[in-house]
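Report on the following structure.
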């Protein structure tokens with residue numbers, strides 16, 4: 001049996017809104033340590049990894065490791081019916097083909113339960129190797145979302161370059177070019193408004209803005225976003241979820257075609 | 001003898017250069033098929049080829065396998 005009770009139910013609502021654009025169907029994995037998900041987009045260049053640790057739930061019961069296949073759009077529709085202050089409980093019996101979402105209003109005067117059919121989803125589980133990153137940028141998530149939105153009105157791809165000077169976001173399109181530089185800035189009043197850059201090595205990578213904009217749907221989850229980059233490797237865009245977990249997005253970089261031809265075969 | 005054919009979308013129609021049937025007439029002149037009579041379709045290059053993305057994107061599994069050294 002599975003029974004997870006989350007007092008801050010709005011977190012789960014926000015999680016679904018942040019990943020449903022990228023992934024249609026996914027397996028949620030439940031174990032004694034937490035509620036997690038790993039899924040790729042249809043073209044397999046982007047991946048989302050979600051973790052909600054068991055300690056973050058008011059009540060967490062998971063008798064056996066369980067995997068539940070869900071259509072994320074349908075799940076989001078169900079969670080939309082929960083109020084922002086509702087407590088959300090997720091329940092499923094062993095071997096059941098449905099999951100139940102229960103919403104309790106703060107004063108307990110309204111209790112709703114919604115039952116959703118589960119799916120059988122064959123998914124490729126990619127092992128995500130640990131990596132050391134050449135550069136890590138931590139900045140306000142609203143600022144990052146604004147940059148991705150602004151640049152996507154000019155071009156389709158973004159070049160993220162990190163040097164001692166700061167982090168530069170560049171794009172170009174039919175109507176022209178755009179560059180936005182964020183310098184390190186740690187002397188602000190509130191720590192969540194700071195831009196912090198750790199750089200071991202300069203980095204320059206190109207990504208599809210369409211995916212970056214999808215990732216920024218997670219902005220409501222966290223005031224800050226952490227962007228980890230190494231040359232020629234996927235970027236990691238991470239949003240913390242309160243004190244209970246994270247949602248991480250991985251995106252493959254775009255590699256210049258002529259460069260690729262000159263490289264030795266792996 | 002099976003009859004082969006091509007289907008193209010409306011947008012591709014303008015790019016048709018030639019469509020040739022290999023083997024015609026009672027003597028099957030030019031035929032090189034077997035139980036099919038082959039058909040070839042020639043399309044002109046995309047008119048916006050200059051705007052094509054000069055980048056390629058490999059799937060994530062490629063990068064992850066690089067990282068784990070396998």
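The values are calculated or read from the model by the stated rules, or taken from the named source; none is laboratory data. What you see is a predicted model; the values in this text were computed from it and never measured. Ideal geometry is used to build each Cβ from the backbone, glycine not excepted, and the neighbour counts take in all protein chains shown.
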Any chance residue A:158 is without any contact (Cβ under 8 Å) to a residue 60 or more places away in the chain, under 29 Å from residue B:56 (Cβ atoms) and touching a helix residue (DSSP H, G or I) at 6+ places or on another chain (Cβ under 8 Å) = yes
Mind checking which residues of region A:190-214 are buried (at least 16 other Cβ atoms within 10 Å of the Cβ), more than 14 Å from chain B (Cβ to nearest Cβ) and in contact with a strand residue (DSSP E or B) (Cβ under 8 Å, 6 or more places away or on another chain)?
-> A:194, A:195, A:197, A:199, A:203, A:214
Check A:4, A:47 and return the single one that is away from chain B (no Cβ under 14 Å) and either touching a residue at least 24 places away in the same chain (Cβ under 8 Å) or within 24 Å of residue A:243 (Cβ to Cβ) (or both).
-> A:4
Of the residues in region A:38-73, those that are buried (at least 21 other Cβ atoms within 10 Å of the Cβ) and out of contact with any strand residue (DSSP E or B) (no Cβ under 7 Å at 6 or more places or on another chain) come to none
Residue match in region A:99-107 (condition: out of contact with any strand residue (DSSP E or B) (no Cβ under 6 Å at 6 or more places or on another chain), free of Cβ contacts under 8 Å to residues at least 60 places away in the same chain and more than 30 Å from residue A:225 (Cβ to Cβ)) | yes
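On the given criteria, is residue A:220 under 14 Å from residue A:18 (Cα atoms), at pLDDT 95 or above and surrounded by fewer than 22 Cβ atoms within 10 Å (Cβ to Cβ)?
Yes.
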Please find, among A:63, A:85, the residue that is in contact with a helix residue (DSSP H, G or I) (Cβ under 8 Å, 6 or more places away or on another chain), under 17 Å from residue A:5 (Cα atoms) and in the same structural domain as residue A:15 (by the TED database).
-> A:85
Within region A:7-44, restricting attention to residues that are touching a helix residue (DSSP H, G or I) at 6+ places or on another chain (Cβ under 8 Å) and within 14 Å of chain B (Cβ to nearest Cβ), which residue is farthest from residue A:70 (Cα to Cα)?
-> A:44
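Residue-by-condition table, conditions (1) away from every other protein chain (no Cβ under 14 Å); (2) at pLDDT below 80; (3) assigned to a strand (DSSP E or B); (4) over 16 Å from the mean Cα position of the chain (by Cα):
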site: B:8; (1), (2), (3), (4): yes, no, no, no
site: B:17; (1), (2), (3), (4): yes, no, yes, no
site: B:27; (1), (2), (3), (4): yes, yes, no, yes
site: B:33; (1), (2), (3), (4): yes, yes, no, yes
site: B:40; (1), (2), (3), (4): yes, no, yes, no
site: B:64; (1), (2), (3), (4): no, no, no, yes
